[in-house]
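The values are calculated or read from the model by the stated rules, or taken from the named source; none is laboratory data. Worth saying up front: this structure is predicted, and the values here are computed from it rather than measured. Here Cβ is always computed from backbone atoms with ideal geometry, including for glycine, and neighbour counts include all displayed protein chains.
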Amino acid sequence: MEEVRALQDTQSQRDRRGIPIDRVGVRQLRYPMQVLDKARSRQHTIATVALTVDLPHQYKGTHMSRFVEVLNQFGPELHVENVPKLLHGLTQRLNSGAAHAIIDFPFFLEKHAPVSGAMGMMDYQVQFDATLIQKRVDFIVTVSVPVTTLCPCSKAISARGAHNQRGEVKFSVRCKKPLWIEDMIALVEASASSELYSLLKRPDEKAVTERAYDNPVFVEDLVRNIAARCKKEPNILWYRIEAENFESIHNHNAYALIERKNR
C-alpha cells in the first residue's frame, strides 16, 4: 500500500512582509436563505454571500475552504437569525479577530394595483452587512427600492404635462431592534411621487400617473422626505439614503445622499 504523506499547509507558512490584511475570504457564493416575512412569517430566497476575516501579518494566507465549511454547518438553508453565529464561527474556525458577512438577496412582495386590485409580485434587492469585531456585532440592512419621481420644475413651467422618471433609492439603517423589510420599503415608497407595481391595468395606470403628477419631488425632496420619516422612528439609530433618478430628458442621472445618526 502506498504511504500517505502529510500535505503541506502553505497558507499557514510565515509571511515576512509585516503587512496585515483587513479582509480576505470568498465572494459570489450562492446559498439558500430564509428571511422574516411580515405577511407569511418566513420567505425563502437565494442569497449571494461574501464572507471575509482579517488576516494577521505573520500568516501567508487564509484557508478558503473553511469559509464554506462554516456556512454549511447551518444546514441546507441559512436563517437570518443565524448570521451572528456565522460570524462567531468564522472567527473561531479561522483564528481571526474580526469577521464580515455581506448577504444580498431578492425579497418579494405581493402588491395589488390601486384601482383594479390586480395582483403582481414586486422584487426588491436587500443586503445584510454584518461585522463582528471584539465580540460586538454591527448589523446594517439596506433595501433598494425603485420609485417614480416627477419633476416639480417641469410641472411648474410646462403648459402640458411634466417629465417623470423611474429612480432607485438605497436605504440603509442600523436599528435598536429588527425592522421589517416591508416597513423600510413602505417608508421609501411613501416619500416618492408614486410607488411602482409589476401589474397595472388602464384604470391603474391613470391613477398612478395622476398620483405622481400631484406629488412632484426633486431627488433632493426624495432623500429629505425619507430622512424626515426616519427622524420620527426612535428604533432607527443611523440611516443612509441614496437616491438616483434615471432622467428621462437628460443624458445623465440626478443623485442625492443623506447620512445621519438619529437623535
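For (1) modelled with pLDDT of 95 or more; (2) under 26 Å from residue 108 (Cβ atoms); (3) among the aliphatic types (A, V, I, L, M), each residue gets a yes or a no:
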position	(1), (2), (3)
14	no, no, no
17	no, no, no
41	no, yes, no
46	yes, yes, yes
#### Entry: Scope segment 156-180; condition on the phi < 0 side of the Ramachandran plot and surrounded by fewer than 16 Cβ atoms within 10 Å (Cβ to Cβ); matching residues
156, 157, 158, 159, 160, 163, 166, 176, 177, 178, 180
### Query
For segment 54-65, does any single residue satisfy the condition of being among the aromatic types (Phe, Trp, Tyr) and either surrounded by fewer than 16 Cβ atoms within 10 Å (Cβ to Cβ) or under 22 Å from the mean Cα position of the chain (by Cα) (or both)?
no
### Query
Taking residue 183, is it crowded, with 16+ Cβ neighbours inside 10 Å, closer than 19 Å to residue 121 by Cα and in contact (Cβ under 8 Å) with a residue 40 or more places away in the chain?
no
### Message
Is it the case, given these coordinates, that residue 245 is surrounded by 15 or more Cβ atoms within 10 Å (Cβ to Cβ), in contact (Cβ under 8 Å) with a residue 60 or more places away in the chain and within 16 Å of residue 167 (Cβ to Cβ)?
### Response
yes
#### Entry: Selected residue (criterion: farthest from residue 149 (Cα to Cα)) from residues of segment 248-263 that are in a loop (DSSP other than H, G, I, E, B) and touching a residue at least 12 places away in the same chain (Cβ under 8 Å)
262
### Query
Residues in segment 40-52: is at least one surrounded by 14 or more Cβ atoms within 10 Å (Cβ to Cβ), in contact (Cβ under 8 Å) with a residue 60 or more places away in the chain and under 17 Å from the mean Cα position of the chain (by Cα)?
yes
#### Entry: Extreme residue, farthest from residue 187 (Cα to Cα), among residues of segment 225-263 that are under 18 Å from the mean Cα position of the chain (by Cα) and of a type in the set (Val, Ile, Thr)
258
### Task
Go through segment 70-85 and count every residue that is surrounded by fewer than 16 Cβ atoms within 10 Å (Cβ to Cβ) and in contact (Cβ under 8 Å) with a residue 40 or more places away in the chain.
4
### Query
Considering segment 113-140 alone, what residues qualify as being over 28 Å from residue 205 (Cβ atoms), acidic (Asp, Glu) and exposed (fewer than 15 other Cβ atoms within 10 Å of the Cβ)?
138
### Query
Restricting attention to segment 29-78, which residues are outside any loop (DSSP other than H, G, I, E, B) and among the acidic types (Asp, Glu)?
37, 54, 69
#### Entry: Within segment 200-224, considering residues that are of a type in the set (A, V, I, L, M) and part of a helix (DSSP H, G or I), the one surrounded by the fewest Cβ atoms within 10 Å (Cβ to Cβ)
207
